[in-house]
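These notes concern the structure reproduced below.
Just so it is clear, none of the values below were taken in a lab; they were calculated from the coordinates. Everything quoted here is computed from the prediction, not taken from an experiment. Please note: Cβ atoms are built from the backbone with ideal geometry, for glycine as well, and neighbour counts cover all protein chains shown.
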Amino acid sequence: MKAMQMQSITILLLTALAVAADQALPGCPNSCGSVSQIPYPFGIGKSSVTGENCFLEDQLELTCRDSTLYRGNGNVQILNITLDGKMDMLAFVSKVCRKESLGGVETEGNEPSLTTPAFAISSEDNKFVSVGCDTNGYLNSYRNGAKSSVGCLTRCNSEASVQIMQRDGNCTGIGCCQVDIPPGMMNITIQAFSFNNFNSSSDFNNCSYSFVIKNDNYTFSMDHLKGLPFQKAPFVVDWTVGNQTCFNSTSKTDYACKSNSYCEDSAIRKSYRCKCKEGYEGNPYHPDGCQDILECTNGRNNCARDEYCRETLGSFQCFCPEGLIGNGTKEDGECRQKQRNDVFTKVAIGGGVGLIALFMGISWVYLIKQKRKVLKLKEKFFQQNGGIILRQQLSTRKDSSQSTTIFTAEQLEKATNYFDEKLVIGKGGYGTVFKGFLSDNRVVAIKKSKIVDQSQIEQFINEVIVLSQINHRNVVKLLGCCLETEVPLLVYEFVNNGTLFDYLHNEHKVANVSWKTRLRVATEVAGALSYLHSAASIPIIHRDVKTANILLDDTYTAKVSDFGASRLVPLDQTELATIVQGTFGYLDPEYMQTSQLTEKSDVYSFGVVLVELLTGEKPFSFDRSEEKRSLTVHFLSCLKGDRLFEVLQIGILDEKNKQEIMDVAILAAKCLRLRGEERPSMKEVAMALEGVRRMEKHPWTNKSQNFQETQYLLHEAYSTREHGDSSDLQSTGYDSLRNLELIDFGDGR
């Protein structure tokens, strides 16, 4: 019997060793150059034994050329593959450089692209980095016809200023910036460009770089501003198999998970990974499946001796030989001889009962202490987040009708089903927004903000109080907050009809947005911003005015939202020096240059919103031709050349509204003046739009002004920008982008 048992163990051991040695199918290459293991479902060519493919799916086919491993017939090098769903690759760096030419200074560069339908860029294993002065870098992802982007911006005026504020190893936004990569980015393009044509830093920085790189694989050096020492960077992708969920794939003949393994759905798309069950190891995709771990022979057990260990499927058992007592584990010590003393047995039983009672008592005390600990922690967070200051300020408030509600953590956890990811309705730079249902049946939007700077607690509480007092039909109402959590929670009214951005740029909705609706929305937003600037108890600069922050309710009434970047302006100040924040395409160029924030910065951003309403185009897009990438530059150029109607969105212009559109275009041009002091105030803008709407309702009121007079006003509105060629307006400094590498990864995910 023992001989048969030893023979079975030997067979299991040899099988496990064979699987560990070769993860590929029989007759298929197992390595290529420095890649020592090519595990199935990946593979190279066809098997020399069966003649079948060495890979599971076409998108998992590999090629070995000159001892270098590549994906399919592409030229992206593969460095490593693991069965945990990770694959290391090399990708080109996006580079744009200043070049002297007969016509002056030009720029040239490259835009690496990776068509990766089978793989997603790993969000936890990589960073997106941009290096250079006056540099913008973007990582774009294309999925199902939709585009999403992440990026960062660097600034520096001279080499001396960089050396004062920057040191080797730091990547903080001066000469170098980096950001996390969101999950699910695939089919990517990497874009680096200078928005200032290297004018201020050409003596020491002629190039800008952007790239995705594996964590801990890049350290910034000042020398890199003069030239990056590498052209390719290693990065990590997540890989999966199939094109359905586990539930839909299990019963199919091409189900990839073999014996002793289980299926795990991908969190990004309809696909899955296979993993070995606990107690098994090997390749879950291989036809042989996962093999039982021989814990008794490889020391992976807790038995007191190896001879006290017995192999079982997927596990092991410790035992004591006949005639000895104990459980055979190291914790229990050596197996002992049986005791025949009945008195000893009774004492042992009594002692066991006492220990159980003691354990139950200790557990009860522990639970009480844990409950008290949770209560103390909530109180700590409440004080840390300024709860006491908020209570004191609320107690001095005379107007109880505008009172701010202080919610408990339990109320908001219940409202969001413990912050269920299915209830997420928005994510941004300042937090995540959940849809919530309060106990009184109110539907609210609950914003989980980033951790508040402890030095700014008083200002944070003041902003909560001021925002809660805003009572304007076109501003999203702040209902209250919760301060019992480490991250403060803000509760807003829920607006359920999406954003103005969706209605302008979603092809299924844009046809519903008439000129009359666009003009009304613009007037409502202008009125709301005018209220924030001049009618609020403390003036508020929104600082991130854009169509994505304008919500629409059931009646398409506009509501300005997302005050995460807003700043309160003390009554004795007209401008504030701040770190530049906002959204590219909407940012005031004067604010970007001086970092001096004024109300006129919101005016400029609103001017971009007006242009967006007129044209139906996004503020900035690399999908458009080079002269049309910046919407404001193209729009103003058309105004200057009397070609306004060429840039309008098709379908909104008719004989009845031509004069109104001209008036709004003139107003937009005034808002987009480079110098803030030359722009109108938001109050003037709101009054002007109200005038246009009144003219719409009573068309006889504008008969005195003919079309030629409007054309003259158009030229007058544009003339203040005549400090040079129109290309100087918000020039990105990126004159050419050429695809250096376009890799086809097949028709997978």
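Taking 16 Å as the cut-off, the amide N atoms of the stretch 168-195 that come nearer than this to a point 7 Å along the Cα-to-beta-carbon line of K226 belong to 168. Loop-located trypsin sites (Lys or Arg not before Pro) in the stretch 618-695 (DSSP state not H, G, I, E or B) with no more than 16 neighbouring Cβ atoms inside 10 Å: R624, R643, K656, R675.
Taking 0.36 nm per residue of separation and subtracting the Cα-Cα distance, full extension of the segment from F204 to A267 would add 18.2 nm.
Provide the FRET efficiency to the nearest 0.05 for the N327-K86 pair, computing r from the beta carbons and using R0 = 51 Å.
After rounding, the FRET efficiency stands at 0.85.
Around the amide H of I425, modelled in the peptide plane, lie the amide H atoms of V433, F434, K435, all under 5 Å away and 5 or more residues distant in sequence or on another chain. Under 17 Å of direct C-alpha separation, and excluding same-chain neighbours fewer than eight residues apart, K275 reaches these lysines: K86, K258.
Site pair V353 and N157 shows an inter-label distance of 8.5 nm when each label is modelled 7 Å from Cα along Cα→Cβ.
Put a dot 7 Å past the Cα of K338, heading toward its Cβ, do the same for K277, and the two dots end up 3.5 nm apart. Straightening the chain between W364 and D420 buys 17.1 nm, computed as 0.36 nm per residue apart minus the Cα-Cα spacing.
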